[in-house]
Each structure stands twice: as structure tokens, then as C-alpha cells.
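Heads up, the thing below is written out as C-alpha cells.
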Amino acid sequence: MGPTLDIIIVNWNSGDLLRSCLQSITSALHESFTLLRVVVVDNASSDESLRGLDGLELPLTILSNRSNRGFGRACNQGALESRADYLLMLNPDTLLEADSLRIPLEWLERDANQSVAVAGIQLIDSNAGVALSCARFPRFATYFWTATGLDRLLPGLSLGYRMVEWDHSESRDVEHIMGAFYLVREAVFQALGGFDEDFFVYFEDIDLSQRIAARGHRSHFLAQAQAYHKGGGTTAQIPARRLACFLRGKLRYARKHHGRIGFLLVAALMVLVELPLRCLAFLVARRPKEALATLGAGVLLCVVEPSCDD
């Protein structure tokens, strides 16, 4: 008997992407494992993305929230009654291929890989290229590198979050696998209490990866399996709030993992360096909408506390 799997998808106004994602799951099923549940946790969507899903040939459970509870909290909600060996956190803008599930599950089941708690696979982006989906844990040099834009100017130097200096063409251990396709051992996830619900969206996945690593477990990227990931997600519909939520997540992460002094340093970098440089770069590039969104994010962040849960 092979391993068992639950798939958890957090939905917020995903439109037709959700149905396409669910349909792709059926093409990725294999006799080597058993899919127990596909749990869609809907965060108070206002579109019709949930309509007509009952006809899909999947063990589907839909949990509907009256408000947007955020990504981590919704994932925890979906995982609450899991009895599976593995949990897959899957973005609704993802399309699985035939071996997207079989290959990582078979790899994790090998005796030699029992110390690995998280597995990820190659994500193919909308330009048919390999997305840079792995990252390193943030350190102060990382915050400085990204705040100043040096990660974009000098991508060959490995100081930013994202591992842009590596083409993701081979399998290897990494510090963090981003949450669009995040396959984790259920026992490890539950032992750590799942995602930290103080993070509404952004940085909750890297926080979990860091706590997993602190327990002595590994994360591994598998280049021999692929899935399509559109990227951007539904938060791309609201760019100012999206950036504000990203920055708020970064501040929460800094407060949790770097203490008060680290938090203050990161906050100072963000307000005095990162946001002004973002605005300036967009204005120089004659992209006023992006500059305005950056300014709006700064207002949300500094003045009214970004209402990411609206």
C-alpha cells in the first residue's frame, strides 16, 4: 500500500483557474499513492469560482469562510482533520502534470530520504521557463541586498532571498521551497502547529520552513517533476495591498526571527530605502501606475496598517 495524500487549496477569487487546477489533479493520480481528500478553503470569494465544482471526480471538500482568513490560517483549517501521510499546499493557479505527484511522493518514501520533510518540484512559468521557486532564509545581508535592488542589478551574487543565481535544473537540498507547491509530511506539519497564523499572507511558508529546519529536517527540490504555475496569484488584482501585505509579512518575520533590534533595522531599511527606491525606479522607467501602487503600499503600511484581510 502506497502513501496517502491530502491536497489543500486556498481560494480567493481565482475564477476559472481553480477549476483548471482541480481538473489537472485528476490527470496526476497514480496507483502508487492514494488521494484521500482535496480540500478547497474559500476565503470569502466574491466571484463564481466555486460554482459547478461538485461534478469533478475528486474526493472534494469545500470549506467556505465568511471572511478572508489569510493563507496560513486557511491552510491550517484545511489540514485540521487530515489523516494522510502527506499534505500538499497547492496554489489554485497551478496545473499539475502526469508525474507531478508520483515522483515526489515516491522519492519521499525511500528509506534514505526520511529526514526530508518538505519537497518541491520544478514550476514552469507563463513564458515556458523554469521559475526560480527556491529561496534561502533571510539574514540581514539579504534584507539590505533586496531593499537596495542589488538583487536585480547583480543577480549572480547569492545574497538575495530567491536563488536567482541557480537555474533550478538539478535536484538538491535547499533551505526553502516556496508555497505554490509545498509537499510536507503531515506528522511534521502537525507537530509544529502548522503555519503561524500571525502571518496573514507572505513569509508564513518560509517561517514554517525555518522551524522545520530547526527540528533537524531537510527540504529538497526535485527537478525531475514539473507543474505549471501562472504566478502572481489573485492578490495581483490589488497591487498596492499586495505589496503592503508582502512588506508586513517581512516585518513580522524579522520581529519573530531577528529580535527587536533586527526588526527595527529591517523597518528602517524598508521605509527609508526600499520604498523610495522602488518609486524612483518605476518613475525612471516611466511606469507611473507601479510607482503609485508603491506609494499606496507605503501609506497602507505606515499609516493605516495594511488591511490584508479585507
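Points worth noting:
- Qualifying positions in segment 175-192 - of a type in the set (A, V, I, L, M) and surrounded by 24 or more Cβ atoms within 10 Å (Cβ to Cβ): 177, 183, 184
- Looking across segment 4-38, the residues that are crowded, with 19+ Cβ neighbours inside 10 Å, farther than 24 Å from residue 189 by Cα and of a type outside the set (S, T, N, Q) come down to 17, 18.
Each row is one residue, and each column tells you yes or no for (1) closer than 20 Å to residue 138 by Cβ; (2) part of a loop (DSSP other than H, G, I, E, B).
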{"position": "183", "(1), (2)": "no, no"}
{"position": "188", "(1), (2)": "no, no"}
{"position": "193", "(1), (2)": "no, yes"}
{"position": "198", "(1), (2)": "yes, yes"}
{"position": "207", "(1), (2)": "yes, no"}
{"position": "212", "(1), (2)": "yes, no"}
{"position": "216", "(1), (2)": "no, yes"}
{"position": "225", "(1), (2)": "no, no"}
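- Just one residue in the set 290, 305, 274 is modelled with pLDDT under 85, of a type in the set (D, E, K, R) and in a helix (DSSP H, G or I); that residue is 290.
- Residue that is surrounded by the most Cβ atoms within 10 Å (Cβ to Cβ), among those in segment 86-112 that are closer than 25 Å to residue 19 by Cα and among the acidic types (Asp, Glu): 93
- Qualifying residue in segment 102-112 (condition: part of a loop (DSSP other than H, G, I, E, B), in contact with a helix residue (DSSP H, G or I) (Cβ under 7 Å, 6 or more places away or on another chain) and assigned by TED's automatic domain parsing to the domain that holds residue 199): no
- Residue 221 meets all of the listed conditions (1) touching a His at 6+ places or on another chain (Cβ under 8 Å); (2) assigned to a helix (DSSP H, G or I) but one, namely (2).
- Flag: residue 167 does not match the condition of being of a type outside the set (S, T, N, Q) and assigned to a helix (DSSP H, G or I).
The values are calculated or read from the model by the stated rules, or taken from the named source; none is laboratory data. Note that the structure is predicted; figures quoted are calculated from it, not measured. Glycine also receives a Cβ, built like all others from the backbone with ideal geometry; neighbour counts cover every protein chain displayed.
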